[in-house]
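Notes follow the structure.
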Amino acid sequence: MTTPSPAADTSTYRLWKAATRLPLGSRLFSAAVSLKAPYFRTALPHVVELRPGRCVVRGPGWWGNRNHIGTFHVIAACNLAEMAMGMLAEASVPPTHRWIPVGMSVRYPARSTGGMTVTAQWDELPDFAAITSGQDVEVPLTFVDDAGVEPVVGTITIRVSPAKRA
């Protein structure tokens, strides 16, 4: 379980909570994120869960997410992973700090079937108050396809630093 944090009151998390009170709200939220970051659109992502320290994103098993051998394309999976990581960071990193991805490490040990669900999760939120200069923070990722197989294994590293004062 993720520890409570003042990060729970970020603008992205407030938008998520407001959107998901509406019919199809999570889909509207996902579409809005995809408008802000258009490269996500190609994987047709759907944010199905968001809270500080955790984000779950689903991508369908449509032909646009498939490679030449019929499995879920690893770059489409990485797109879902980046969205999950980004929404986790947006819902978790307080406004006193900023973040930027600086690396991704993935392996693909198995073939996939159907769609893909990617979870970005911190078991415990970083102590953001202790971050006084740039610090790299790993975001663990879990990739699970419709058959329950974990076809991709990976992490994304983000650099968290205090926000610049205006």
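Values quoted throughout were computed directly from the atomic coordinates according to the rules given, and no laboratory measurement underlies them. In this text, all values refer to a predicted model and were calculated from it rather than measured experimentally. Note that we place each Cβ from the backbone using ideal geometry, even for glycine, and neighbour counts take in every protein chain shown.
Scanning region 15-54 for residues that are surrounded by fewer than 19 Cβ atoms within 10 Å (Cβ to Cβ) and among the polar types (S, T, N, Q) turns up Thr20, Ser26, Thr42. Please go through region 70-84 and pick out each residue that is free of Cβ contacts under 8 Å to residues at least 12 places away in the same chain and more than 16 Å from Glu150 (Cα to Cα). Selection gives Gly70 alone. Glu90 meets all of the listed conditions (1) without any contact (Cβ under 8 Å) to a residue 60 or more places away in the chain; (2) not in a strand (DSSP E or B) but one, namely (1). Applying the set (1) closer than 21 Å to Val153 by Cα; (2) crowded, with 24+ Cβ neighbours inside 10 Å to Ala91 leaves exactly one unmet item: (1). Within region 22-78, the set of residues being within 30 Å of Asp127 (Cβ to Cβ) and among the hydrophobic types (A, V, I, L, M, F, W, C) comprises Phe29, Val33, Ala37, Phe40, Val47, Val48, Leu50, Cys55, Val56, Val57, Cys78.
Looking at Val149, Val118, Val106, can you tell me which residue is of a type in the set (A, V, I, L, M) and out of contact with any Leu (no Cβ under 9 Å at 6 or more places or on another chain)?
Sole residue among the options that is of a type in the set (A, V, I, L, M) and out of contact with any Leu (no Cβ under 9 Å at 6 or more places or on another chain): Val149.
Restricting to region 120-161, give me the number of residues that are over 24 Å from His73 (Cβ atoms), more than 15 Å from the chain's Cα centre (by Cα) and loosely packed, with under 14 Cβ neighbours inside 10 Å. Going through region 120-161 one residue at a time, the tally reaches 8.
Residue by residue, here is whether (1) farther than 25 Å from Asn65 by Cβ; (2) outside any helix (DSSP H, G or I); (3) among the β-branched types (Val, Ile, Thr) holds:
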{"residue": "Pro101", "(1), (2), (3)": "no, yes, no"}
{"residue": "Ser112", "(1), (2), (3)": "no, yes, no"}
{"residue": "Thr119", "(1), (2), (3)": "no, yes, yes"}
{"residue": "Leu125", "(1), (2), (3)": "yes, yes, no"}
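Residue selection: Gly70 fails the criterion of being touching a strand residue (DSSP E or B) at 6+ places or on another chain (Cβ under 9 Å) and small (Gly, Ala, Ser).
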